[in-house]
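Since every read-out is calculated from the coordinates, none of them should be taken as a lab result. In this text the structure is predicted, and so the values were computed from the model without any measurement. Cβ sites come from the backbone with ideal geometry, for glycine too, and all protein chains shown count toward neighbours.
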Amino acid sequence: MGSKAAFSELDGNVIDMGKFGDSLRVAIRGRGTIIFRCQNGEHHVLTNVYYIPQLRSSIVSIGQLDERECEVLIESRILKIQDQERCLLAKVKCSCNRLYLLNLKVEQPVCLAAWHTEEPWLWHARFGHLSFDMLDQLEKMVRGLPQIKHTGEPV
């Protein structure tokens with residue numbers, strides 16, 4: 001991978017040299033993880049991807065896919081790549097110059113988190129987002145449950 005921005009995680013301490021089939025040597029300047037979105041909308045992860053700043057195009061090693069127990073099948077000029085659970089990761093036709101060009105949509109991780117400091121909203125979350133009317137009823141049935149008064153939307 002030649003784009004540093006494509007990595008969701010990158011260990012820059014991995015420094016090495018790599019060699020392609022034509023004996024071209026390239027500098028490896030990191031190893032990391034890339035998240036991509038399949039055509040069906042699912043997200044998948046490629047791990048141990050080398051960061052090679054010299055690359056203008058990203059390439060996928062069939063040998064590395066094999067090491068990860070992915071299945072690679074080429075039949076009638078169509079390449080299919082499946083993960084260990086045999087979920088289809090990619091399916092692409094052969095181009096006119098006999099290359100299989102994958103158009104991976106690289107994604108960045110998103111972490112959504114929320115918390116409430118107001119006690120009524122904490123109880124609402126603790127009880128699986130039970131409505132405030134039901135929390136009011138529950139308070140009458142459960143000894144020790146504090147009085148929960150809904151004051152409006154959280155801030």
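Cross-link partners for K4 among the lysines, with Cα-Cα distance under 18 Å and sequence neighbours closer than 8 places in the same chain left out: K105.
In this structure the amide hydrogen of A90, modeled in the peptide plane, comes within under 5 Å of the amide hydrogens of I81, none closer than 5 places in sequence on its chain. Using only the Cα atoms of region 1-115, build the gyration tensor, take square roots of its eigenvalues as a ≥ b ≥ c, and label the shape rounded, prolate or oblate: rounded if a/c is under 1.5, else prolate if a/b is larger than b/c, else oblate. Cα axes put region 1-115 in the oblate bin. Taking 16 Å as the straight-line reach from the Cα of K93, the aspartates and glutamates in range (excluding those fewer than 8 positions away in the same chain) are E75.
Phi-derived couplings, Karplus 6.51 cos²θ - 1.76 cosθ + 1.60 at θ = phi - 60°, listed residue by residue for region 77-86: 6, 10, 9, 10, 10, 10, 7, 4, 8, 6 Hz, with x used for Gly and Pro. Per-residue ellipticity at 222 nm, computed for the chain from helices alone with -39500 (n - 2.57) per DSSP H run of at least four residues, works out to -4000 deg cm²/dmol. Can you give me the angle between helix 132-141 and the longest principal axis of the chain, using Cα atoms only, in degrees from 0 to 90, rounded to the nearest 10? Long axis of 132-141 versus the principal axis of the chain: about 50 degrees.
Within the straight-line cut-off of under 13 Å between alpha carbons, the aspartates and glutamates reachable from K149 are E118, E119, D133, D136, E139, sequence neighbours fewer than 8 places apart in one chain being disregarded. Relative to the Cα centre, the charge distribution of the chain, modelled as +1 at Lys and Arg Cβ and -1 at Asp and Glu Cβ, gives a dipole magnitude of about 740 debye. Evaluating 6.51 cos²θ - 1.76 cosθ + 1.60 at θ = phi - 60° for every residue in region 25-32, the Karplus couplings come out as 9, 10, 8, 8, 10, x, 9, x Hz, glycine and proline recorded as x.
Annotation: amide H-H contacts under 5 Å for I28 (H modelled 1.01 Å from N, sequence separation of 5 or more, or interchain): D16, M17, G18.
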